[in-house]
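Structure first, then comments.
The values are calculated or read from the model by the stated rules, or taken from the named source; none is laboratory data. The structure displayed is predicted, hence computed values, not measured ones. Don't worry about glycine lacking a Cβ; one is built from the backbone with ideal geometry, like all the others, and counts go over all protein chains shown. In case anyone asks, the SASA skips ligands and DNA or RNA and just uses the protein heavy atoms, side chains included. Shrake-Rupley method; radii C 1.70, N 1.55, O 1.52, S 1.80 Å.
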Amino acid sequence: MTDRHDAPGAARPEPEVLKAFESATGFMPVDEGLALYAAAVEAAERTGLPVLEIGTYCGRSAVLLADAARRTGTVALTVDHHRGSEEQQPGWEYHDPTLVDPEVGRMDTLPAFRRTLFHAGLEDHVVALVGRSPQIAGLWGGRLALVFIDGGHTDEHATGDYEGWVPHLAEDGLLVVHDVFPDPQDGGQAPYRVYLRALDEGFEEVSVTGSLRVLRRTADR
């Protein structure tokens, strides 16, 4: 199995887009970002449908999805309540006090996300869906080329994202799961369990890049 971005003909972002991605606040490494970008371009070109991510934070991966949407003539959808996931709250490892709204005393990553898109010149290619993932999924009526799960890392949240959005994935669409760690010493296991569930339910693995898994929905699923 090879990394998706190393495959012949795999799409790559232009240097200015990659620079905007690297400049944005977030946690995704470059190699995983390139694999995500290639998957988004491939899925959107093939289906003509939107690509969607759950877990936007400050917009680092959204830069790549937005550019993939611009390149393919579709749109990127981002789902996040922008109050931060569990590990981003005060007292936890990934807490950033500069992202706390001083008036309400809670995390608010929405302004940082909007600035990221503005500086990347990609605002027109993203629709930001602000709210809880299961609620928005329940209201969503369209189909999707790609679903990227990178939201809350508890079993409740990761499973809710999977169950809420996979039914909207187009036949032969792509499911991308981030922070998949088979070894518990490397990270939380909820995304890994979602990944195993997808395989068990008929998805086939397309690529592995670091902790990023790209899977294809099979026609008989």
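So for segment 70-90 (the condition being closer than 27 Å to Ala40 by Cα, open to solvent by less than 50 Å² (accessible area, probe 1.4 Å), assigned to a helix (DSSP H, G or I) and modelled with pLDDT of 90 or more), does at least one residue qualify? Checked segment 70-90: at least one residue is closer than 27 Å to Ala40 by Cα, open to solvent by less than 50 Å² (accessible area, probe 1.4 Å), assigned to a helix (DSSP H, G or I) and modelled with pLDDT of 90 or more. When segment 96-116 is filtered for residues that are open to solvent by 100 Å² or more (accessible area, probe 1.4 Å) and either at pLDDT 90 or above or part of a strand (DSSP E or B) (or both), the ones remaining, listed by number, are Arg106, Arg114, Arg115. Is one or more of the residues making up segment 42-61 touching a residue at least 40 places away in the same chain (Cβ under 8 Å), in a helix (DSSP H, G or I) and under 25 Å from Asp108 (Cα atoms)? Looking through segment 42-61, at least one residue is touching a residue at least 40 places away in the same chain (Cβ under 8 Å), in a helix (DSSP H, G or I) and under 25 Å from Asp108 (Cα atoms). For segment 119-156, the set of residues classified as over 21 Å from Leu36 (Cα atoms) and of a type outside the set (D, E, K, R) consists of Val130, Gly131, Pro134, Gln135, Ile136, Ala137, Gly138, Leu139, Trp140, Gly141, Gly142, Thr154, listed by residue number. Of the strands (runs of 3 or more DSSP E) lying entirely inside segment 117-221, those containing at least 3 residues that are open to solvent by 10 Å² or more (accessible area, probe 1.4 Å) and at negative phi are 126-130, 203-209, 212-217. Would you confirm, using the coordinates I've provided, whether Asp155 is of a type outside the set (A, V, I, L, M), more than 19 Å from Val75 (Cα to Cα) and in contact (Cβ under 8 Å) with a residue 60 or more places away in the chain? Spelling it out, it is not the case that Asp155 is of a type outside the set (A, V, I, L, M), more than 19 Å from Val75 (Cα to Cα) and in contact (Cβ under 8 Å) with a residue 60 or more places away in the chain.
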